[in-house]
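Reading through the structure tokens given below for one structure.
The values are calculated or read from the model by the stated rules, or taken from the named source; none is laboratory data. Small disclaimer: the values here were computed from a predicted structure and weren't measured. Backbone-built Cβ (ideal geometry, glycine too); neighbour counts: all protein chains shown.
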Amino acid sequence: MEIWRLSEEETAGIYDGYMKQDFPSDELKPLSHILKSAEKGYGFSLGIYEKAELIGYAVFIICEETKCALLDYFAILKERRGGGLGHHAFSLFAAYFQENMPQIEGLYIESERVSAAEDEGKRLVRERRISFYRSCGCEMTALRSVLFGVDYSILYKHLGRGGQGNGASREALNALYRKMFKPEHYAKFVRLTEE
């Protein structure tokens, strides 16, 4: 398995071909937003390949000022899920950052909040998702964000060499959100708290 950085055209193809099915519409940003973050230099997408065949993808936002990144979207293609590929891909992300962006010390992950699930089925899905990230070495933080009405718990994965760096902080995640959203959208639709 290998990963490589995607062009705008490749990202658009994955967005139309997979992301619209893999993510709920209330969680999926417009393609223009994803491409604009790449154009401005604070966002990028990676394709996950096995024998040159796409098996997954990830979209990241970076904030060099606070030495952190956000895993904005991550999915293994539906027909390839359940075989451990997600864990392998996640380890490749850490290696990618260490090799290509060693200044990035930590990775934030938003995962829908378990206690906000509307039913038992959704609660179980959310618990499995958080369990997956924890098994990849991510730690649950005390941070909570509500973005455009979607309630998230925040996990954090240390990426730097040695030590734990500065660890997760509200200020660093807030800086990422301020990069991602226009000031008027940030003011109206972004809420970040620490419990």
### Message
Looking at the stretch 24-62 only, could you name the residues that are of a type in the set (A, V, I, L, M, F, W, C) and within 23 Å of Met101 (Cα to Cα)?
### Response
Ile34, Leu35, Ala38, Phe44, Leu46, Ile48, Ala58, Val59, Phe60, Ile61, Ile62
### Query
Counting just the residues of the stretch 19-33 that are at pLDDT below 90 and more than 17 Å from Phe60 (Cα to Cα), which one comes out surrounded by the fewest Cβ atoms within 10 Å (Cβ to Cβ)?
Ser25
### Query
Residues of the stretch 49-59 being at negative phi and without any contact (Cβ under 8 Å) to a residue 24 or more places away in the chain, which ones?
Glu53
### Summary
Expected single match for touching a Cys at 6+ places or on another chain (Cβ under 9 Å) and either among the hydroxyl-bearing types (Ser, Thr, Tyr) or at pLDDT 95 or above (or both) among Ser145, Ser169 is Ser169
#### Entry: Residues within the stretch 34-60 that are part of a helix (DSSP H, G or I) and among the aliphatic types (A, V, I, L, M), tallied
3
### Summary
Exactly one of Leu71, Leu46 is touching a Lys or Arg at 6+ places or on another chain (Cβ under 7 Å), in contact (Cβ under 8 Å) with a residue 24 or more places away in the chain and under 24 Å from Gly160 (Cα atoms), and that residue is Leu46
### Message
I need a count of the residues in the stretch 173-191 that are of a type outside the set (Ser, Thr, Tyr), more than 13 Å from His33 (Cα to Cα) and in a helix (DSSP H, G or I).
### Response
10
#### Entry: Subset of the stretch 68-97 (residues that are touching a strand residue (DSSP E or B) at 6+ places or on another chain (Cβ under 7 Å) and assigned to a loop (DSSP other than H, G, I, E, B))
Leu77
#### Entry: Among (1) modelled with pLDDT of 90 or more; (2) in contact with a helix residue (DSSP H, G or I) (Cβ under 9 Å, 6 or more places away or on another chain), the one test that Arg161 misses
(1)
